[in-house]
Amino acid sequence: GADTTICTGEVAILTVTGCAGNPLWYALTSQGPVLVSDGIDINVSPQQSTCYMVVCCDPIYPQCCDTDTVCINVIPLPDLSWPAVYPDVCNNGGPVTLNPADIYVNITTVLCLSPWRAVVVISAEWV
């Protein structure tokens, strides 16, 4: 099948057509094929680029099998960090101003960068 590209965390749907038997799906690893699922359609969400092989054997003549391989290329998300160090924030304390110029964004590809929004999540722990 045709290879495809997804971003980290996305799901790729792998589908086999023309298989009269129960197709078996394997991830191709450095240790050899590893069975991941069976069925016409499977959802995969690999954390790194992975190739998958499907094996379809004829239910009447199980020694007659066919295979196909598809590779899912996984692109990492942009790395967003705020390397500046800010003072501790206390409950009912004064405000802390964050400087957007201190934001560091490492983009290795534009494929996983949405041009419509940027979301910055700041977590705080009250002590």
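Placing a label point 7 Å from the Cα of Asp58 along the Cα-to-Cβ direction, the residues of the range 17-31 whose backbone N falls under 19 Å from that point are 17-24.
Electrostatic bookkeeping for Gly1 treats Lys and Arg as +1 and Asp and Glu as -1; over the other residues with beta carbon under 15 Å from its beta carbon, the sum is -4.
Computed 3J(HN,Hα) for the range 3-10, one whole-Hz value per residue from the Karplus formula 6.51 cos²θ - 1.76 cosθ + 1.60 where θ = phi - 60°, is 5, 9, 10, 10, 8, 3, x, 7, glycine and proline marked x. Phi angles of the range 37-44 translate, via the Karplus equation with coefficients 6.51, -1.76, 1.60 and θ = phi - 60°, into HN-Hα couplings of 5, 9, x, 5, 10, 9, 9, 10 Hz per residue; Gly and Pro are given as x.
Please give the FRET efficiency for Leu77 paired with Asn22, using the beta carbon to beta carbon distance and R0 = 41 Å, rounded to the nearest 0.05. Efficiency for this residue pair is about 0.70. Backbone phi angles across the range 17-33, fed through the Karplus curve with coefficients 6.51, -1.76 and 1.60 (θ = phi - 60°), yield HN-Hα couplings of 10, x, 9, 7, x, 9, x, 10, 10, 10, 8, 8, 10, 5, 8, x, x Hz in residue order; Gly and Pro are listed as x. The amide H of Cys7, built 1.01 Å from its N in the peptide plane, has Ile75 as neighbours under 5 Å, considering only residues 5 or more places off or on other chains.
Compute the length gained on full extension between Tyr104 and Gln47: take 0.36 nm times their separation in residues and subtract their Cα-Cα distance, giving the result in nm to one decimal. Walk me through the numbers on the way to the answer.
Numbers: separation 57, 0.36 × 57 = 20.52 nm, distance 2.34 nm.
Between Tyr104 and Gln47, full extension yields an extra 18.2 nm.
Annotation: per residue accessible area for the range 1-81 equals 61 Å², rounded to a whole number [probe 1.4 Å, protein chains only].
The values are calculated or read from the model by the stated rules, or taken from the named source; none is laboratory data. Given the structure is predicted, the values throughout are model-derived calculations rather than measurements. Note that each Cβ is placed from the backbone with ideal geometry, even for glycine, and that neighbours are counted across all protein chains shown. SASA here: full protein model, heavy atoms, side chains in, ligands and nucleic acids out. Shrake-Rupley method; radii C 1.70, N 1.55, O 1.52, S 1.80 Å.
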